[in-house]
Amino acid sequence: MKIVFMGTPDFAVASLNALFENGYDIAGVVTAADKPAGRGQKLQESAVKKYAVDKGLKVLQPLKLKDPDFIEELHSLNADLQVVVAFRMLPEIVWDMPAKGTINLHASLLPNYRGAAPINHAIINGETESGVTTFFLKHEIDTGDVIFSERVAIAEDDSAGDLHDHLMEAGAGLLVKTVKAIAEGNYKEQPQTASADLKHAPKIFKEFCKIDWNQPVKTIYNLIRGLSPYPTAFTELNGKTIKIFKAQYEESAAGMAPGNYVTDGKTFLKFAAADGFISVLDVQYEGKKRMMTDEFLRGMRL
């Protein structure tokens, strides 16, 4: 069975590697075009492209997925199945091309957390479990019939980065299981059941990341870990932006207005919230490198 793999970030590399290491015929890899980045604006290759080139796999990098030249080249690969992991939304002419269809690995237990940021929103909402799901693509995003899913526990102090890594590994294993089942015709699709109380995972914009200190401490704590390490929750301190990567919370009578802070200038810095304090542990002050709070305080006068 010939497979075309589509993906871009590190999350997708584990899945591509799992297919490659299990001996599947990867006819081609479709990934994002190289983009300028950094001070020198040097072209940067995607994580998936770097892996594919290292393994000698054919790489396609279309700017537009409806480009006739790309469609022709994709068709010439004669794939039986296309596999999508953390890639762009595909036009029908692409996802409907292979005889066995196109499957997607999504980082949630569908139908909950459809959208661009399922890992972040699961933690922001205080979930105690998430998971990965494989499904067949169809017109509406993340709504296709489910093939398999696997649950993954979320620890109380897990960040989005921690959950990303757990789901990345679980997803790679689930994807191999799914491809094997499709090759053998040994699976049963389950339609997703929509309901009014479904939880969604829309793209996260900068204004969403600003901490509202009038919220309960548990809500703020979940926001901080759900946005860590990227795009990162932030607040203002002495007129400058401070990103918070890790924190602890304590529920108590703060005794001061939300958003005000208290520090000994050496070991701790905590902000008042609606029902307690958020102690920041790992921060990045505007114009500075990321550091632990004690190191940050040594170089600051608050």
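The values are calculated or read from the model by the stated rules, or taken from the named source; none is laboratory data. Owing to the predicted nature of the structure, the values given are computational and were not obtained by experimental measurement. Here the Cβ is made from the backbone with ideal geometry for all residues, glycine too, and neighbour counts use every protein chain on show. We work out accessible area using only protein heavy atoms, side chains counted, and drop any ligands, DNA or RNA first. Shrake-Rupley method; radii C 1.70, N 1.55, O 1.52, S 1.80 Å.
Annotations for the structure displayed:
- Amide H contacts under 5 Å for Lys138, placed H, 5+ residues apart: Thr143, Gly144
- Shape annotation for region 13-85: C-alpha extents along the principal axes are 42, 31, 19 Å, from largest to smallest.
- Take every DSSP beta bridge whose two residues both sit in region 29-110; close to 35 percent of them are antiparallel.
- Taking amide H as placed 1.01 Å from N in the peptide plane, the amide H of Arg114 sits under 5 Å from that of Ala201, each at least 5 places away or on another chain.
- Look at (i) 6, 26, 31, 23, 11, 2, 0; (ii) 6, 24, 28, 21, 14, 6, 1; (iii) 6, 26, 34, 25, 8, 1, 0: the one that is P(r) over Cα pairs in 10 Å bins from 0, in percent derived from this structure is (ii).
- Sequence-distant residues sharing a close amide H with Ala274 (under 5 Å, placed H): Gln215, Val217
- Solvent-accessible area of the chain (1.4 angstrom probe, protein heavy atoms only): carbon and sulfur portion equals 49 percent.
- Exposure rule at most 14 other beta-carbon atoms within 10 Å, DSSP loop GluC sites (Glu not before Pro): the chain longest free segment: 1-139
- Of the beta bridges in the chain, as assigned by DSSP with both residues counted there, near 70 percent are antiparallel.
- A straight line joining the Cα centroids of region 185-240 and region 90-119 runs 21 Å.
- Surface per residue (accessible, 1.4 Å probe) for region 1-69, Å²: 54 Å²
- Exposure of Val152 as accessible area (Å², to 10), given a probe of 1.4 Å and all protein chains: 20 Å²
- ³J(HN,Hα) computed for each position of region 39-51 - Karplus, 6.51 cos²θ - 1.76 cosθ + 1.60, integer Hz, glycine/proline x: 4, x, 6, 6, 5, 10, 8, 5, 4, 5, 4, 4, 5
- Region 134-254 - accessible surface per residue (Å², probe 1.4 Å): 54 Å²
- Whole-Hz Karplus values for region 239-247 come out as x, 10, 7, 10, 8, 10, 9, 8, 8 Hz, taken residue by residue from phi with 6.51 cos²θ - 1.76 cosθ + 1.60 and θ = phi - 60°; glycine and proline positions read x.
- Members of Lys35/Lys180; Lys2/Lys50; Lys66/Lys288; Lys199/Lys289; Lys35/Lys206; Lys49/Lys177 lying beyond 32 Å, as alpha-carbon distances in this model show: Lys35/Lys180; Lys66/Lys288; Lys199/Lys289
- Exposure rank, largest accessible area first [Arg151, Arg88, Arg301; 1.4 Å]: Arg301, Arg151, Arg88
- Solvent accessible area, Å² - Lys246, 1.4 Å probe, full protein context: 120 Å²
- Antiparallel bridges, percent of DSSP beta bridges restricted to region 189-302 (to nearest 5): 95 percent
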